[in-house]
């Protein structure tokens, strides 16, 4: 984890926020910005602010970092406290209204650049399978014995006759 940012007590239901967060995991910051600008959801604006804060935190550590070098490794929309209200219902009753809040957490990581392989490297040793038998070992698994020849199969018509 290079950087992280947390935004708490956002007045949006976590269920609605997760519609946006599910799509962003694993994207680079540049791709996530483009996605959030084109999504018509209220949660996208709130998540954009947190993502921008997390990237700014990463820039504090390494000013040369680019948006394409960093990806979202963790993005969570947890539930926060509920504001409880009541609304008048029929027959003099009151029905509860739960105004939900969310906490957003963003973790950013650096993309691993592919390493150049050395041509002089030896190939890795073969992994030994746990299912291979040792040489000369006898078979432990045998075929099942065939069904007894003397028994007769009972069909649906035989059951009706009984």
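The values are calculated or read from the model by the stated rules, or taken from the named source; none is laboratory data. What you are looking at is a predicted structure, and each value in this text was computed from that prediction instead of being measured. Don't worry about glycine lacking a Cβ; one is built from the backbone with ideal geometry, like all the others, and counts go over all protein chains shown.
Which members of segment 22-33 meet the condition of being in a helix (DSSP H, G or I) and touching a residue at least 40 places away in the same chain (Cβ under 8 Å)?
Scanning segment 22-33 gives 24, 29, 32.
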Any chance residue 96 is in a loop (DSSP other than H, G, I, E, B) and modelled with pLDDT of 95 or more: no
Residue identified as farther than 21 Å from residue 59 by Cα, at pLDDT 95 or above and part of a helix (DSSP H, G or I) among 46, 19, 36: 19
Conditions (1) closer than 16 Å to residue 105 by Cβ; (2) surrounded by fewer than 16 Cβ atoms within 10 Å (Cβ to Cβ); (3) touching a strand residue (DSSP E or B) at 6+ places or on another chain (Cβ under 6 Å); number of the one not met by residue 68: (1)
Of all residues in segment 1-16 being at pLDDT 95 or above and part of a loop (DSSP other than H, G, I, E, B), the one that is nearest to the chain's Cα centre (by Cα): 13
Residue check, residue 24 crowded, with 19+ Cβ neighbours inside 10 Å and over 9 Å from residue 102 (Cβ atoms): yes
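Pull up segment 99-111, narrow it to residues that are touching a helix residue (DSSP H, G or I) at 6+ places or on another chain (Cβ under 7 Å) and assigned to a strand (DSSP E or B), then point me to the one that is farthest from residue 8 (Cα to Cα).
108
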